[in-house]
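The values are calculated or read from the model by the stated rules, or taken from the named source; none is laboratory data. Model, not experiment: these values are computed from the prediction. No Cβ is skipped: glycine too gets one built from the backbone with ideal geometry, and neighbour counts run over all protein chains shown. Remember, those area values only see protein heavy atoms, side chains included, never the ligands or the DNA or RNA. Shrake-Rupley method; radii C 1.70, N 1.55, O 1.52, S 1.80 Å.
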Amino acid sequence: MAKRLVNGTDEDFRRIEKDRQEINAAYDNGYSTDTVDSELNTPDLLDRVDKYGFIHNLKLPPQLSDVEQKRNNIEKLREIKWRSMIKDWSKHCVLSKQRYSDKLISRVFKGIPNSMRNVAWYKILDIESQIKAQPGIYEKMKDFARKYSLELRQIDLDINRTFRNNYAYKKRYCQRQRQLYHVLAAYSVYNTEIGYCQGMSTLTALLLMYLSDEEQTFWALSQLMSNIKYSMHGLFKSGFPKLIRYSDKHEMIIKTLLPKIHKKF
Amino acid sequence: MSGKSYQFKIVLLGEGCVGKTSLMLRYVQDKFNDEHLSTIQAAFIKKKIRIGSNSVELAIWDTAGQEKYHALGPIYYRGSNGAFLVYDITDIDSFERIRKWVTELKTSLGDDCILCIVGNKSDLEKNRNVPIKEAEEYAKSVGAKHYSTSAKLNQGVNELFLDISKRMIEKFESSENLESINHQSGNSSNKRNTIQVVDDSVVQQEDKKSGCC
């Protein structure tokens, strides 16, 4: 699309404009009950949805297996620990100094309980102070994207293919898909060095699943990209410098430690 | 000449949303999903087939289509025996993109790689935007073959993979012949059907040993 703009004729501009209006309108209108989706009308659909919202091909067993039951019990215990840790957050985490308590670190590695993910992510990514420091920016970017973003077509194409096996994203143009559209579009004009790059839709969709709020998701994404601790910017930026560096490193490691396997490639 | 086995690498290239993943999944798993997931970076599947008395193992590399990922192309197509350059027959831009890939593959892989230009979504014939004649002529002009497929209706997909496999075998055999001619005239070492594995890590390790003592 960018290419079309550089050498663009008037007709190309009209086409981009038309795309933009159509896509915006589709998300504004939301999910239409006229949509024919045979899978949504199957009576056992809800029996096939797991606790994360993913839809399976077969009905899930009515009772949990022993292993799952055991895992659930452990998770419940961890949940209690996390609750008290969140209450005493300043003891466990000093973000300005990038300092985390050993307890917090070890608990993160054991796995954040599903029910605590939203709070934990919100705290660890320091979303609150991001919003406070930049009030209104998200709304401004969202509005700007609606009018000027050049990535809307690609974003729309990808939302159509992002977590469609999850109940939250199943219905075309539903509430979750609309939120995802807003966040990705806003980010595409906020960070112009990246714009929108395939792969971001899955990442953002997952953040949105737990955080639920558009603005929080936007800043969570922004933190993952530009906070020095995560620096995912280089994984998505044009030319993928960080990705290529990682892949070179990976090759070097294989070459040094597993030379026989390396020969096969 | 019976019972040979071959290993080939095929790479799928083309603009986003033209149906690269769908073609691959249709061929390997005979599935079609209207709402599949978009490919990030690349995906990889193996499939074994028999052609006559020969067995062929295909390593199929599927890539992400967004223009930004073009930069990663060389990582995926290096060493490919065949390439599918896929476009959507309803989208003229996706066809233009093919030309870029063709030039690039020709420069980096030369004539070693069998090129197939694939017009996918032939079930949407009524919305066709890429004239079939133009596509076929273009394919001919660059020494590639043109195919029409529909991953959705399962049209032309098996034929496509079978045909490229046959052509890769031919190519492989003719380059082998060339090598054996070289061999007869004394130019090359006695490798024909065997690959010599030169293990230089042993040498390295020995070097290390002598170095540290």
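Yes or no: A:G30 open to solvent by less than 100 Å² (accessible area, probe 1.4 Å) and more than 20 Å from A:L157 (Cβ to Cβ)? Reasoning before the result, please.
On the way: open to solvent by less than 100 Å² (accessible area, probe 1.4 Å): yes; more than 20 Å from A:L157 (Cβ to Cβ): no.
Taking the combined requirement at face value, the residue does not satisfy it.
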### Summary
The number of residues in the range A:192-214 that are crowded, with 19+ Cβ neighbours inside 10 Å and at the interface with another protein chain (Cβ under 8 Å from one of its Cβ atoms) is 4
### Complete set of residues in the range B:41-62 that are at pLDDT 90 or above and within 14 Å of chain A (Cβ to nearest Cβ)
B:K46, B:E57, B:A59, B:W61, B:D62
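State yes or no: is A:K103 open to solvent by 30 Å² or more (accessible area, probe 1.4 Å), closer than 30 Å to A:E17 by Cα and among the basic types (K, R)?
On the way: open to solvent by 30 Å² or more (accessible area, probe 1.4 Å): yes; closer than 30 Å to A:E17 by Cα: no; among the basic types (K, R): yes.
So A:K103 fails the test.
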### Query
Name the residues in the range A:33-46 that are over 28 Å from the mean Cα position of the chain (by Cα) and either open to solvent by less than 90 Å² (accessible area, probe 1.4 Å) or closer than 18 Å to A:A185 by Cα (or both), would you?
A:T42, A:D44
## Note on the structure
Output for Cβ contacts, cut-off 6 Å, separation at least six or different chains, first residue within 12 Å of another protein chain (Cβ to nearest Cβ) and of a type outside the set (G, A, S) in the range A:238-252, second surrounded by 13 or more Cβ atoms within 10 Å (Cβ to Cβ) and assigned to a helix (DSSP H, G or I), reads A:P241/A:G234; A:L243/A:L235
### Query
Quick one: is B:E96 away from every other protein chain (no Cβ under 12 Å), open to solvent by 30 Å² or more (accessible area, probe 1.4 Å) and among the charged types (D, E, K, R)?
no
### Summary
Residue count, the range A:63-78, condition more than 28 Å from the chain's Cα centre (by Cα) and among the basic types (K, R), comes to 1
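Look through A:L221, A:L258 and report the one residue that is open to solvent by 40 Å² or more (accessible area, probe 1.4 Å) and of a type in the set (A, V, I, L, M, F, W, C).
Details: A:L221 fails: open to solvent by 40 Å² or more (accessible area, probe 1.4 Å).
On inspection, the qualifying residue turns out to be A:L258.
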#### Entry: The lone exception for B:K31 - which of (1) closer than 22 Å to A:N160 by Cα; (2) in contact with a helix residue (DSSP H, G or I) (Cβ under 6 Å, 6 or more places away or on another chain); (3) open to solvent by less than 50 Å² (accessible area, probe 1.4 Å); (4) without any contact (Cβ under 8 Å) to a residue 24 or more places away in the chain it fails
(3)
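Residues checked against (1) more than 29 Å from A:W82 (Cα to Cα); (2) modelled with pLDDT under 95; (3) surrounded by fewer than 22 Cβ atoms within 10 Å (Cβ to Cβ):
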residue: A:P113; (1), (2), (3): no, no, yes
residue: A:Q130; (1), (2), (3): no, no, yes
residue: A:Y167; (1), (2), (3): no, yes, yes
residue: A:R172; (1), (2), (3): yes, yes, yes
### Message
I'm trying to understand the selection: among the residues of the range B:77-93, which are within 11 Å of chain A (Cβ to nearest Cβ) and either in contact with a strand residue (DSSP E or B) (Cβ under 8 Å, 6 or more places away or on another chain) or closer than 24 Å to B:L162 by Cα (or both)?
### Response
B:R78, B:G79
### Summary
Being modelled with pLDDT of 95 or more and more than 24 Å from B:G16 (Cα to Cα) narrows A:Y196, A:Y190, A:Y210 down to just A:Y210
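Picking from B:N154, B:N129, which residue would you name as being within 14 Å of chain A (Cβ to nearest Cβ), surrounded by 11 or more Cβ atoms within 10 Å (Cβ to Cβ), modelled with pLDDT of 90 or more and out of contact with any Pro (no Cβ under 8 Å at 6 or more places or on another chain)? Before the answer, list the steps.
On the way: B:N154 fails: within 14 Å of chain A (Cβ to nearest Cβ).
None of the others qualify; the one that does is B:N129.
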### Test: residue in the range B:61-84 that is open to solvent by 10 Å² or more (accessible area, probe 1.4 Å), in contact (Cβ under 8 Å) with a residue 12 or more places away in the chain, in a helix (DSSP H, G or I) and in contact with a Phe, Trp or Tyr (Cβ under 7 Å, 6 or more places away or on another chain)
yes
